[in-house]
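Contents: one structure, followed by commentary.
The values are calculated or read from the model by the stated rules, or taken from the named source; none is laboratory data. Computed from a prediction, not measured in an experiment: that's the story for all the values here. Ideal geometry is used to build each Cβ from the backbone, glycine not excepted, and the neighbour counts take in all protein chains shown.
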Amino acid sequence: MAWRDDWRRVRAIARKDVTTELRAKAGFNSVASLAVTILILLGLALGPDAEALRNAAVGAVWLATLFSGVLAFNRSFQVELESGALEPLLQYPGPRWPIFAGKLLGNLLFLTLMVAIVVAAGIVLFGIRIPDTWPSLLGVFALGIVGLVVLGTFYASMTSRSRAREVLLPLLLFPMLVPVLLAATTASKALLGADLMHESGAWIRLLAAYDLVFLVATFIAFEHVIEA
Amino acid sequence: MAWRDDWRRVRAIARKDVTTELRAKAGFNSVASLAVTILILLGLALGPDAEALRNAAVGAVWLATLFSGVLAFNRSFQVELESGALEPLLQYPGPRWPIFAGKLLGNLLFLTLMVAIVVAAGIVLFGIRIPDTWPSLLGVFALGIVGLVVLGTFYASMTSRSRAREVLLPLLLFPMLVPVLLAATTASKALLGADLMHESGAWIRLLAAYDLVFLVATFIAFEHVIEA
Amino acid sequence: MNPASERLRETPTAPPPRTSIWLAVAGFGAVIAAQVYSILTSPAEGDMGHLQKIMYVHVPAAWMTFLSFFVVLVFSLRYLWKRRENDDLIAASAAEVGAIFNGLTLMLGMIWGRPAWGVWWVWDARLTSTLVLFLIFAGYLSLRALVDDAQQRARWCAAVGVIGALNVPIVYMSVKWWRTLHQPPSSPATLDPAYTMGLRLNAIALLVLMIYFIRKRYEIARLEREVENMAEAAAMGGR
Amino acid sequence: MLRPQLRPMLNGELDKAIDLSGLGKRFGIRWVLRGVSLEVGRGEAVGLLGPNGSGKSTILRILGTLLNPSAGTGSVNGLDIVRDASGVREQVGYLAHTPGLYDDLTARENLRFAADMLGLPYTAVEGSLERVGLAHVASDRVRGFSAGMQRRLALARLILRSPRVLLLDEPYSNLDAGGIELMNSIILGLVQSGGAALVVLHELAPAKSVLGRTLTLAEGRIEATS
Amino acid sequence: MLRPQLRPMLNGELDKAIDLSGLGKRFGIRWVLRGVSLEVGRGEAVGLLGPNGSGKSTILRILGTLLNPSAGTGSVNGLDIVRDASGVREQVGYLAHTPGLYDDLTARENLRFAADMLGLPYTAVEGSLERVGLAHVASDRVRGFSAGMQRRLALARLILRSPRVLLLDEPYSNLDAGGIELMNSIILGLVQSGGAALVVLHELAPAKSVLGRTLTLAEGRIEATS
Ligand code: HEM
Ligand SMILES: Nc1ncnc2c1ncn2[C@@H]1O[C@H](COP(=O)(O)OP(=O)(O)OP(=O)(O)O)[C@@H](O)[C@H]1O
Ligand SMILES: Nc1ncnc2c1ncn2[C@@H]1O[C@H](COP(=O)(O)OP(=O)(O)OP(=O)(O)O)[C@@H](O)[C@H]1O
Ligand SMILES: [Mg+2]
Ligand SMILES: [Mg+2]
């Protein structure tokens, strides 16, 4: 019963966030095309010769995801703050974790779509060719996204309340995501190089552990963080 | 006389922006350290082998500047919009160009400092060694910064008033800055390679032209853009 | 401050243009005809075989892209000068159409590139600058989508349109140098005279089509405004 | 931190809707509230006046569990505002200076969201939209709403679930005559059903008919009482 | 879309401080103002009432050159609000719902910035800080100010340079008794010196002493006049 109420809250928040993202026209489309733009900038900055680019490709894809993902996270809480809607949100009785869960869900949807687009663009622009090991590649991306979203949403819940959110969030988040970035890029490279499974296997296990740890940690920590 | 008034306005706005940046806890320090963080992320994502890194170094420096610069531009107008301070600003009698000039000046100071830090970090992290041609290298950076700030400030004056500024600004700005990025990176590379002057000379001329064109264009356009 | 502000609130009194169906017929007809002609006449090209026939859309599409963005520039300037809403609407229509041709160029180019070069994409000057151009006007369009107030949207987009257009040649030059400073660009082979005639015909056909698209889009925009003007009549009438 | 004389007396508290004793609040080193003690009984609506910056909003925010007191204690219907914060939240409805709505959602969607969070049926939504007279713009985005319309919508959200204790911060501002009447009827309805209200305001006129007594805050303490 | 009868008559207009004729404003396709015509003479303070969402603020924002009218014309001291926008800006002082201050600057810095923008000496700043009774917090950041303190500071900025025409949007909200007196004295002072004021408000009581007449807005037109 109580569980059903909480689940309803989770859905309500996720739905609200998605709705506003779609309404505010600069929602998904813009963030996605920004991601692609960043990808291209990386391509331009890393010089024209194809060899260097192919090596940089995976890193570029992840960086583009990271940089534009940050915006998405901030937006998801900005909605609350724009007209002081966070205070009423905190005024609702009942536990606070559904708020976090709802935001998490919304961002997860958002980012998964975005990554799909970025990867497609990366394949075309950097001439990546898809290896036979693509299923485990999918796994890597899934794990990477989860790690990204969990920490991103959590930190956004704090930073978005400070004025300089767009600066503060990446500042806190990026260092925390170093493991994700390293694991994701290295594993992806290994898989793209059609490498031996066990090579990327270690990285994948690392990613999984990372996700698990921080999923639990953030859910616990959120109750304290969100308090006024 | 009138000129002195306008110049006073310009100074007032620049001073206000700098003051608030220094007061706001996540002001300059954060943006600067974010720039460094991004530089490090680029280093990590572009793989461990030193050779690739040294080639990517210059590009990384400029990308870091670009990505964190965007935040600075938005902030400079965000200040106006928090608590609707833009309307009173537009209510003041007299021409509007001092507003733009003031913002420009403030951002110029801000970014110059930041680039200095980023470059220092880049030298350390990527083991760039300073060539004898460093004076013209300085020139390249100066021109690059101007181009960046002029367009950044101009677009921010619009985007910051729309919803989703943090997405819209880079979306509009980055494609426009492609020439700056290419010219700055390639020229810097050329100079670092202790290349023949005339090689980077063409790029420097391009940058200068770019800056001039858009400085004039934005000053003219601003009057139209800022109107309510 | 703003020139001719008095007209600033003026909404067009002339009835919106009726784009005749014949223009559409002419456009599509011409395209089909030109295609048929050029496909029949052009010899199978050496290393690319009949694949090369993509060119008959790809290249004219590219040209139309440039043309329509030139239209955006002209009418944006004119809006800033005269502040007539029509100019803004035309610029917007041209931008949309241009973006579509731009996308078409990219698509066809990539489809062509795969077999021709073995890759979807090379960072060649022409390709890259086309892509950047696309991004610039994608930005222009998303700005349009984002601003609610009609006059603000018009002014902002006019400014962005002009400044964006100013940038196009600079972008092209910079990307060109960027390439040539390293290795000779793997840009598409310049034309064998055998193809020029077909190319010209297709260019003309697409030109007609482009004009039709822009006019149609403009007509729709104007009709939307008409609705609002009727609402005004209703609102202000009862006095 | 608590000085002895500020400790709460926990007995015979249950007939009080709001009970603050020796409440203190500081921002930085500045003490804004210096020992505020006030009681609001069940079935009572009390006005809270005081010059600008005297700390009225701060008191409401503390009662609404949005701020923690720096000293002293308070309770709502016998629940401690610090220890049982979540319990208190069930009881109080806090109307702030700012409406706190989602601009990109319509009026209806805003209330439905509230209903979701409160576990109420959507049918309640239409009712309170009617009540505050926004039914005709129910499916317009809030972004375009005028000052008063936004206040009304915030009010509608407030009365969705019926809180036992209302904390109203200048509830009449931006409201037209009709809005004022509405507000008063809501307050009256609550007090008649044994609830309580603490109303911050500057201009007594609109609230004459509903307020039992008024307290005046000055120098961070309750000065006059009428 | 100007229809003939909506064109302004530019003769004998100079004794009018504010003159709106057939003013229309739409948001999207919704017409909020449908031909508002009103005049405020020199040395006159006029109240503007009307239900929530009737368009009062919109009128003030158009007069303050923050919005462009969709139809009709208006002038302030004979200057067209569209053609001579910058001239109008010299004349009017607009006090909005929101104070529009820089939170990270102190009260004094906020006013000094205004002085810079207006080309006034800093000495004027201290004077108006005194006047609105914020001298004692002059060097505190605005962020911590209470609702009423912020309104007072906005007021101080408004009277820095003495505008000939005041556009006040619910100027009394958040103000305590002292603040209301202050506001009234400012309006009176202006009116007596031949200036003019258009005051949007819901509750007439505080403004009784200063308003000559009041207009009532409804369905986007001026309905009653008293
Ligand atoms: C995404 C990939 C491509 C893009 C964005 C692209 C873009 C363009 C553009 C903008 C033009 C017009 C240039 C001008 O007339 O100044 C052009 C012309 C042309 N393109 Fe492409 N192109 C692409 C791929 C290709 C490929 C793969 C081929 C064939 C191998 C090709 C063959 C040509 C030819 C033959 C011309 C006419 C050249 C001339 O007029 O001198 N393009 N392309
Ligand atoms: N930016 C906007 N976009 C869309 N609609 C708007 C906008 N601003 C105002 N409106 C609409 O115009 C109408 C009048 O708004 P306005 O703020 O002038 O009302 P008001 O008379 O000031 O009401 P209140 O007394 O509540 O302040 C409202 O119905 C509002 O929905
Ligand atoms: N977040 C804060 N940081 C610092 N000081 C604050 C903060 N919030 C309030 N204050 C200070 O506390 C005092 C009381 O503020 P409060 O908003 O409670 O006053 P108020 O009685 O509501 O005044 P008003 O009638 O103008 O709303 C003010 O002097 C204000 O400067
Ligand atoms: Mg208050
Ligand atoms: Mg209003």
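I need every pair where a residue in the range E:32-44 that is within 22 Å of E:Q192 (Cβ to Cβ) and touching a residue at least 12 places away in the same chain (Cβ under 8 Å) has its Cβ under 8 Å from the Cβ of a residue that is among the small types (G, A, S) and not in a strand (DSSP E or B), sequence separation at least 6 or different chains.
Qualifying pairs under 8 Å: E:R42/E:G194; E:R42/E:G195; E:G43/E:G194; E:G43/E:G195; E:E44/E:G212.
Give the number of residues within the range B:184-206 that are surrounded by fewer than 15 Cβ atoms within 10 Å (Cβ to Cβ), in contact with a Leu (Cβ under 9 Å, 6 or more places away or on another chain) and modelled with pLDDT of 80 or more.
Here the count works out to 0.
Evaluate the range E:33-49: report whether one residue or more is within 23 Å of B:P93 (Cα to Cα) and of a type in the set (D, E).
No: zero hits.
So if I check each of E:L48, E:L67, which one is assigned to a strand (DSSP E or B), among the hydrophobic types (A, V, I, L, M, F, W, C) and within 14 Å of chain D (Cβ to nearest Cβ)?
E:L48
Since E:P171 meets every condition but one in (1) under 22 Å from E:E39 (Cα atoms); (2) more than 16 Å from ligand 3 (Cβ to nearest atom); (3) crowded, with 22+ Cβ neighbours inside 10 Å, which condition does it not meet?
It fails just one condition, (2).
Taking only the range C:71-103 into account, find how many residues are over 21 Å from C:G139 (Cβ atoms) and either among the polar types (S, T, N, Q) or within 14 Å of chain A (Cβ to nearest Cβ) (or both).
Going through the range C:71-103, the residues over 21 Å from C:G139 (Cβ atoms) turn out to be C:78, C:81-86.
Cutting the leftovers down to either among the polar types (S, T, N, Q) or within 14 Å of chain A (Cβ to nearest Cβ) (or both) gives us C:86.
Qualifying residue count, the range C:71-103: 1.
Take the conditions buried (at least 17 other Cβ atoms within 10 Å of the Cβ) and over 22 Å from the mean Cα position of the chain (by Cα) and apply them to B:L89. Does it pass?
Working: buried (at least 17 other Cβ atoms within 10 Å of the Cβ): yes; over 22 Å from the mean Cα position of the chain (by Cα): yes.
When the stated conditions are applied, B:L89 passes them.
Does B:G94 satisfy the criteria of being away from chain A (no Cβ under 11 Å) and surrounded by fewer than 22 Cβ atoms within 10 Å (Cβ to Cβ)? Break it down into steps so the answer makes sense when it comes.
Working: away from chain A (no Cβ under 11 Å): yes; surrounded by fewer than 22 Cβ atoms within 10 Å (Cβ to Cβ): yes.
For B:G94, the condition - away from chain A (no Cβ under 11 Å) and surrounded by fewer than 22 Cβ atoms within 10 Å (Cβ to Cβ) - is met.
I'm trying to understand the selection: among the residues of the range E:61-87, which are within 20 Å of E:V200 (Cβ to Cβ) and among the β-branched types (V, I, T)?
E:I62, E:T65, E:V76, E:I81
Taking only the range C:130-157 into account, find how many residues are surrounded by 24 or more Cβ atoms within 10 Å (Cβ to Cβ) and more than 7 Å from every other protein chain (Cβ to nearest Cβ).
Looking only at that region, the number is 5.
Mind counting the residues in the range D:152-187 that are in contact (Cβ under 8 Å) with a residue 24 or more places away in the chain and either β-branched (V, I, T) or over 16 Å from E:E203 (Cα atoms) (or both)?
Number satisfying all stated conditions: 21.
What number of residues within the range C:104-129 satisfy the criterion of being more than 12 Å from chain A (Cβ to nearest Cβ) and either within 16 Å of ligand 2 (Cβ to nearest atom) or closer than 30 Å to C:S76 by Cβ (or both)? Don't jump to the end; show me each part of the working.
Taking the range C:104-129 and keeping what is more than 12 Å from chain A (Cβ to nearest Cβ), we get C:104-105, C:108, C:112, C:115-116, C:126.
Among the residues that remain, those that are also either within 16 Å of ligand 2 (Cβ to nearest atom) or closer than 30 Å to C:S76 by Cβ (or both) are: C:104-105, C:108, C:126.
The qualifying residues number 4.
Return the residues of the range D:61-94 that are within 16 Å of ligand 4 (Cβ to nearest atom) and over 14 Å from D:S21 (Cα atoms); say none if nothing qualifies. Full working, then the answer.
We begin by selecting, within the range D:61-94, every residue within 16 Å of ligand 4 (Cβ to nearest atom); these are D:61-64, D:66-67, D:94.
Matches in the range D:61-94: D:R61, D:G64, D:L66, D:L67, D:Y94.
Could you list, in sequence order, all residues of the range E:65-123 that are touching a strand residue (DSSP E or B) at 6+ places or on another chain (Cβ under 7 Å) and at positive phi?
E:G72, E:N77
When you scan the range C:65-181 for helices (runs of 4 or more DSSP H) that lie fully inside it, which ones turn up with 3 or more residues that are basic (K, R)? Before you say what the answer is, go through the steps one by one.
On the way: elements: C:85-117, C:125-146, C:150-180.
Qualifying helices (runs of 4 or more DSSP H): C:150-180.
Would you mind listing the helices (runs of 4 or more DSSP H) fully within the range D:82-163 where at least 1 residues are closer than 19 Å to D:L190 by Cα and modelled with pLDDT of 90 or more? If you could, list the steps in order and put the result at the bottom.
Values: elements: D:85-91, D:107-118, D:123-132, D:147-158.
Correct list: D:85-91, D:123-132, D:147-158.
Among residues belonging to the range A:207-228 that are among the small types (G, A, S) and in contact with a helix residue (DSSP H, G or I) (Cβ under 8 Å, 6 or more places away or on another chain), point out the one that is modelled with the lowest pLDDT. Steps first, answer last, please.
Here is the first cut: in the range A:207-228, the residues among the small types (G, A, S) are A:208-209, A:217, A:221, A:228.
Still in the running and in contact with a helix residue (DSSP H, G or I) (Cβ under 8 Å, 6 or more places away or on another chain): A:208, A:221, A:228.
Values: A:A208: 93, A:A221: 90, A:A228: 57.
It comes out as A:A228.
Return the pair list, or none, for Cβ contacts closer than 7 Å from residues in the range A:176-187 that are free of Cβ contacts under 8 Å to residues at least 60 places away in the same chain to residues that are small (G, A, S), at least 6 apart or on different chains.
Pairs that qualify, where the first residue is free of Cβ contacts under 8 Å to residues at least 60 places away in the same chain and the partner is small (G, A, S), are A:V180/A:G144; A:V180/A:G147; A:A187/A:S200.
For the range E:188-203, which residues satisfy the criterion of being surrounded by fewer than 22 Cβ atoms within 10 Å (Cβ to Cβ) and more than 16 Å from ligand 5 (Cβ to nearest atom)?
Answer for the range E:188-203, where residues must be surrounded by fewer than 22 Cβ atoms within 10 Å (Cβ to Cβ) and more than 16 Å from ligand 5 (Cβ to nearest atom): E:L188, E:G189, E:V191, E:Q192, E:S193, E:G194.
For the range D:113-145, which positions are of a type in the set (D, E, K, R) and buried (at least 21 other Cβ atoms within 10 Å of the Cβ)? Show your work before the answer.
From the range D:113-145, those of a type in the set (D, E, K, R) are D:116, D:126, D:130-131, D:140-141, D:143; that's our starting set.
Within the range D:113-145, D:D116 is the sole residue that qualifies.
Looking at E:Y122, E:Y172 in this structure, which one is away from chain D (no Cβ under 14 Å) and aromatic (F, W, Y)?
Answer to the selection: E:Y122.
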